[in-house]
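Undergrad: Have a look at the structure that comes next, please.
The values are calculated or read from the model by the stated rules, or taken from the named source; none is laboratory data. Being a predicted model, the structure only gives us computed values, none of them experimental. Note that we place each Cβ from the backbone using ideal geometry, even for glycine, and neighbour counts take in every protein chain shown.
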Amino acid sequence: MTWIETTGYEQATGTLKTLYDRVKGPDNNIDNILLAHSLRPHTMEGHMGLYKNVLHHRNNTTPKWFLETIGVFISLLNNCDYCVAHHFAGLGRILKNDARADAIQQALVSGEWPAVFENSQVAALEYARKLNLSPPEIIDEDIEIMRAAGWDDGGILEINQVVAYFNYANRTVLGLGVGTAGDTLGLSPGDSSDTANWNHQ
């Protein structure tokens, strides 16, 4: 599950149990990435606050499926199989269209984006790739390209934050040996109407 000690739902007490009750999915399932925080519950709280606000907040204007797509893309670039598996499954749940989800993943892997994505989305993927692989090389012209493709500054910020969050999540997973064994893939705190609702559904 991980390379470090974790505390499962049934063994949890106090603050950890309270947090687990906030984030759990069906059958008291706790995602392994969250179990990895169990020795320091305050870091789980920080992780979930960031995750919920970046990907599942009611004030985001970028479609949730595309934010998940950016997450899958960054995880592919970072070779984080755990996050690819989870968020590709989450993308499928959002789209409710397996063929569309498969086409998106194939395009992300092949780089043949125009066959699947609109021009504005291709521009976002280009920005996300550059920010992920070469962050010091980002310049103001990259933002201008995004604007010219149709993104407003709020949307650009949303894409930026998804890239930043997935780098955090990927390094949490890769640095602690988090695997998918025992996980239910694709669950998320998807109730965007309630920012305090962290339950995974």
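Undergrad: Evaluate the following for residue 19: is it under 25 Å from residue 157 (Cα atoms) and not β-branched (Val, Ile, Thr)? So that I can check it myself, show each step before the final result.
TA: Working: under 25 Å from residue 157 (Cα atoms): no; not β-branched (Val, Ile, Thr): yes.
Criteria not met by residue 19.
Undergrad: Kindly list, by first and then second residue, each pair from a residue in segment 27-48 that is without any contact (Cβ under 8 Å) to a residue 24 or more places away in the chain and over 10 Å from residue 6 (Cα atoms) to a residue that is in a helix (DSSP H, G or I) and not β-branched (Val, Ile, Thr), limited to pairs with Cβ atoms under 6 Å and residues at least 6 apart or on different chains.
TA: Pairs found: 30/20.
Undergrad: Quick one: would you say residue 19 is within 18 Å of residue 187 (Cα to Cα), in a helix (DSSP H, G or I) and of a type in the set (A, V, I, L, M, F, W, C)? Quick ask: steps written out before the conclusion?
TA: On the way: within 18 Å of residue 187 (Cα to Cα): yes; in a helix (DSSP H, G or I): yes; of a type in the set (A, V, I, L, M, F, W, C): yes.
So residue 19 fits the description; yes.
Undergrad: For residue 153, only one of the following conditions fails: (1) without any contact (Cβ under 8 Å) to a residue 40 or more places away in the chain; (2) surrounded by 13 or more Cβ atoms within 10 Å (Cβ to Cβ); (3) of a type in the set (D, E, K, R). What is its number?
TA: Here residue 153 clears every test but (2).
Undergrad: Out of 104, 30, which single residue is at pLDDT 95 or above, crowded, with 21+ Cβ neighbours inside 10 Å, more than 14 Å from the chain's Cα centre (by Cα) and closer than 24 Å to residue 130 by Cβ?
TA: Matching residue, one of 104, 30: 104.
Undergrad: Of the residues 188, 134, which is among the hydroxyl-bearing types (Ser, Thr, Tyr) and either in contact with a strand residue (DSSP E or B) (Cβ under 6 Å, 6 or more places away or on another chain) or surrounded by 12 or more Cβ atoms within 10 Å (Cβ to Cβ) (or both)? Steps first, answer last, please.
TA: Numbers: 134 fails: either in contact with a strand residue (DSSP E or B) (Cβ under 6 Å, 6 or more places away or on another chain) or surrounded by 12 or more Cβ atoms within 10 Å (Cβ to Cβ) (or both).
When all the criteria are applied, what remains is 188.
Undergrad: Residues of segment 4-36 being closer than 15 Å to residue 182 by Cα and aromatic (Phe, Trp, Tyr), which ones? So that I can check it myself, show each step before the final result.
TA: The first filter runs over segment 4-36 and keeps only residues closer than 15 Å to residue 182 by Cα, leaving 6-10, 24-36.
Matches in segment 4-36: 9 only.
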